[in-house]
1. Among the numbered conditions (1) within 16 Å of the ligand (Cβ to nearest atom); (2) modelled with pLDDT under 95; (3) surrounded by fewer than 16 Cβ atoms within 10 Å (Cβ to Cβ), tell me where Gly108 comes up short.
2. Among the residues of the range 51-67, which ones are in contact with a Ser or Thr (Cβ under 9 Å, 6 or more places away or on another chain) and not small (Gly, Ala, Ser)?
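The values are calculated or read from the model by the stated rules, or taken from the named source; none is laboratory data. Being a predicted model, the structure only gives us computed values, none of them experimental. Cβ coordinates were reconstructed from backbone atoms using ideal geometry, including for glycine residues, and neighbour counts include every protein chain displayed.
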Amino acid sequence: MTQCVFCRIVGRQIPAAVVHEDGDTLAFMDLGQVNPGHVLVAAKDHVENVFDLEPAQASALAGTMVRVARAIRAAFSPHGLSVYQANGKAAGQTVFHYHLHLVPRYEGDGMALSWPVKNPPREELEAYAGRIRASLA
Ligand SMILES: [Zn+2]
């Protein structure tokens, strides 16, 4: 069995609040509370970092990122949205499976996330994910 946590999420061995899925990408909210409130967009294939991404995979990830970002905007009306990712341990990467973080931002947030509340219960994350799913164009 693979030890990669994101491969296990893609394989549904670890539960997550899935927002969107297609042939190449999976967008979800982590229920493990490592990044509460973040929507993560991951390649379904195990690709460690940006250096190993195929152009078609990068394209699919960007397409899912935009679709999910617009759904977050439609569902929650944030003032802005941060999108970030890291590559390599020295750059702060902690899960070695390529993914993007989408984080809604509200004026006055600074870098501390106030949406949703810290460490929300699983039911609350599932409800957020449901609202994003319902807003996908
Ligand atoms: Zn993986």
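1. Status for Gly108: all satisfied but (1).
2. The initial filter retains those residues of the range 51-67 that are in contact with a Ser or Thr (Cβ under 9 Å, 6 or more places away or on another chain), namely 57, 60-61, 63-65.
Hits for the range 51-67 are Gln57, Leu61, Thr64, Met65.
Here's the yes/no breakdown for (1) at pLDDT 95 or above; (2) over 15 Å from Ser135 (Cα atoms); (3) more than 15 Å from the ligand (Cβ to nearest atom); (4) crowded, with 17+ Cβ neighbours inside 10 Å:
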residue	(1), (2), (3), (4)
Val10	yes, yes, no, yes
Glu21	yes, no, yes, no
Leu31	no, yes, yes, yes
Gly37	no, yes, yes, yes
Ala43	yes, yes, no, yes
His46	yes, yes, no, no
Ala56	yes, yes, yes, no
Met65	yes, no, yes, yes
Ala69	yes, no, yes, yes
